[in-house]
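Below is one structure; the comments refer to it alone.
The values are calculated or read from the model by the stated rules, or taken from the named source; none is laboratory data. If you're wondering where the values come from, they're calculated on a predicted model, not measured in any experiment. Because the Cβ atoms are built from the backbone with ideal geometry, glycine has one as well, and the counts that use them run over all protein chains shown.
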Amino acid sequence: MGMLQTDIAPGTGPRLGRAPPALSVIVPCYNEEDCLPTFLQRMIAAAEAAVGPDFEIVLVNDGSGDQTWPCIRAMTQRYPNVLGVNLSRNHGHQLAVTAGLSLSRGDQVMVIDADLQDPPELLAQMRAKMAEGYDVVYGRRRSRAQESRFKLVTARLFYRLLMRLSEVDIPSDTGDFRLMSRRIADKLNAMPEHDRFLRGMVAWLGGQQAEIQYDRDPRYAGKTGYGLTKMLKLAVNGLIGFSVAPLNFAVVLAMLGALIGVGILVYSLVAFILGEVLPGWTSLALMTVFFGTGQFVCLGIVGAYLGRTYMEVKQRPLFLIDEIASSEKKTD
């Protein structure tokens, strides 16, 4: 499990004595009780068509406020290939995926959400592409049905900005919907950072990666758990986690402020020597606004990086697992 930590000791979870399956499917779930039955029917059918019975589906309940966890527990009793993982609280989508990855054992690992916006039926196409020698096959969204114009525009701007600023080539218009080899999954598990941006981390790992384009469907039921606040947090994690451009911007802003300050100093000295009366209020107000704003911007940028460093230094577990449920065993 690398440096990931949970309150479940390695080797004590259910089914660990069995040989690793051909496929693990990681499914983060947050208030998905209305989607889960249909999702599982389609996902199981897609997995059986691809690898037969040799697969596992890891459903991770990320502190849902509805009946998602009781639904998952019931599904583990109905389907022997399903493993349920209940996190101690809401850790967020990226850490829910990380928890599932840490317990996965398949030779290939698929990450997919339970809302059916990403079709499980693409599994066969992804496996066929991976058989050509790729380590990662990710889904690139060709279109996004029933998405608001605001979300489409902001997502497009974010990915374009990330492509320009990032030190890693992160594919645009992609999410976490992908199929990975065991080698990539193990390396991903060994990366201990708390503020995770998984699609960037997978890109950073390198290897042979390919895309499959698809049309994203609307949510099958319920409401998205990714509100504006969570979207902004994910965007900040992506920008800060894979680029020092914001810090460089702070340096440029500081240098620009210094040049303006020197210019104002020279102008003031010349005006004083020539005996000219300075306007005063206008220039003072402009200086105050510029330098005050610049200082706050620089402090905010440095604070964002410092905050990430602070969280990493504490070395707290990335997530805590409260319960693991399967048809064979329940671990509390």
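For the reader, a short list of remarks on this structure follows.
- Among the residues of the range 1-35, the ones that are assigned to a loop (DSSP other than H, G, I, E, B) and either modelled with pLDDT under 50 or not charged (D, E, K, R) (or both) come to 23 in all.
- Pick from the range 77-108, criterion surrounded by fewer than 22 Cβ atoms within 10 Å (Cβ to Cβ) and hydroxyl-bearing (Ser, Thr, Tyr), ranking: nearest to the chain's Cα centre (by Cα): Ser88
- Members of the range 198-214 found to be in contact with a Phe, Trp or Tyr (Cβ under 9 Å, 6 or more places away or on another chain) and closer than 21 Å to Leu103 by Cβ, listed by number: Arg199, Met201, Val202
- Filtering the range 109-128 to residues that are surrounded by fewer than 18 Cβ atoms within 10 Å (Cβ to Cβ) and within 19 Å of Gly207 (Cα to Cα) leaves Arg127, Ala128.
- Selection of helices (runs of 4 or more DSSP H) fully inside the range 51-138 by the criterion of at least 2 residues being at negative phi and touching a Lys or Arg at 6+ places or on another chain (Cβ under 9 Å) returns 68-78, 93-103.
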